[in-house]
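The structure appears right after this line, and notes come after that.
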Amino acid sequence: NAVNLPADTETRLLNAVNFTNNYVSLVHGETNMFSTLFIGIFDPNSGLLTYINGGNEPAIWKQRKNGICQQLSPTGPVIGIIPNASFTCQQVQIEPDDFLIGFTDGIPDALNQEGSPYGKDPLTRILKNNFDSASELCHEIKNDLLNFIGEANQFDDITLMVVKRKRL
């Protein structure tokens, strides 16, 4: 049930991603540089999130009212591989007390000492619980991940962002 934002919001977001993609692919294409990206514009008054996911792990939107977790899937390829690639904007209506969880592939791909990946099942399990704050949820995921990894070497970045929309 997304509301339409002014066209310039989507245009600004698309322009920023297209510019970045073309710069990296055309200027640095021979170096095989690329990046995944999740970028959004959030209106805290209306709760509308307009986003582009350029090949990143799907962010998770946990809805307070029904506990449903929805993945915000990619809306375009990774940044820097395909010049003039096509990206689209998507919108979701974040309600008060909803959470948005963004993370890089370093979380599900993290390995323990036996070489087994963390995967996405632990996130699903953790998100079944209720949390009062973004920091509480973030700490729970972080602690679970670090306990899983143990003494294993980290081979990729591990980035996690948890946001909770406040009631106005």
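The values are calculated or read from the model by the stated rules, or taken from the named source; none is laboratory data. These numbers were taken from a predicted model, which means no experiment stands behind them. Backbone-built Cβ (ideal geometry, glycine too); neighbour counts: all protein chains shown. Please note that ligands, DNA and RNA were not included when accessible areas were found on the heavy atoms of the full protein model with its side chains. Shrake-Rupley method; radii C 1.70, N 1.55, O 1.52, S 1.80 Å.
Most mobile of GLN113, GLN90, GLN71 per a Gaussian network model of the chain (Cα springs, under 10 Å)?
Largest GNM mean-square fluctuation: GLN113.
For the chain, treating each Cα as an identical point scatterer without solvent, what Debye log10 I(q)/I(0) comes out at q = 0.09 1/Å?
Debye curve over Cα of the chain, log10 I(q)/I(0) at q = 0.09 Å⁻¹: -0.35.
Considering only protein heavy atoms and a probe of 1.4 Å, how much of the accessible area of the range 54-135 is carbon and sulfur, as a whole percent?
Result for the range 54-135: 47 percent of the exposed heavy-atom area is carbon or sulfur.
Whose amide H sits under 5 Å from the amide H of ASP97, counting only residues 5 or more places off or on another chain, with H placed in the peptide plane?
ARG165, LYS166, ARG167
For the range 83-128, what is the convex hull volume of its Cα atoms per residue in Å³?
127 Å³
Need the list of aspartates and glutamates near LYS164 for cross-linking: C-alpha distance under 12 angstrom, and skip anything on the same chain fewer than eight residues off.
Candidates past the 8-residue exclusion: GLU95, ASP97, ASP98, ASP132, GLU136.
When only C-alpha pairs under 8 Å and at least 6 residues apart count, what is the relative contact order of the chain, in percent?
Relative contact order comes out at 23 percent.
Averaged per residue, what accessible surface does the chain expose to a 1.4 Å probe, in Å²?
Details: 9660 Å² over 168 residues.
Accessible area per residue: 58 Å².
How big is the range 1-98 on each of its three principal axes, counting only the C-alpha atoms and giving the largest first in Å?
Principal axes ranked by extent give 48, 27, 17 Å for the Cα atoms.
To the nearest 0.05, what FRET efficiency results for ASN84 and GLU136 with a Förster distance of 35 Å applied to their C-beta separation?
With a Förster radius of 35 Å, E is 0.25.
Please list, in order along the range 149-164, the HN-Hα scalar couplings obtained from phi with the Karplus expression 6.51 cos²θ - 1.76 cosθ + 1.60 (θ = phi - 60°), rounded to whole Hz, x for Gly and Pro.
Per residue, the Karplus-derived 3J(HN,Hα) values read 5, x, 8, 5, 6, 7, 10, 9, 5, 10, 10, 9, 9, 10, 10, 10 Hz.
Determine the shape class of the range 57-116: with a ≥ b ≥ c the square roots of the Cα gyration tensor eigenvalues, call it rounded for a/c under 1.5, and otherwise prolate if a/b is greater than b/c, oblate otherwise. If you can, show how the numbers build up before the last one.
Working: a/c = 3.55, a/b = 1.07, b/c = 3.31.
Here the range 57-116 falls in the oblate category.
Given the -39500 (n - 2.57) contribution per DSSP H run of 4+ residues, what per-residue ellipticity at 222 nm results for the chain, rounded to the nearest 500 deg cm²/dmol?
-8500 deg cm²/dmol
For the chain, with a Gaussian network of springs between Cα atoms less than 10 Å apart, report the residue from ASN22, ASN45, ASN66 with the top mean-square fluctuation.
Taking springs between Cα atoms under 10 Å, the residue moving most is ASN66.
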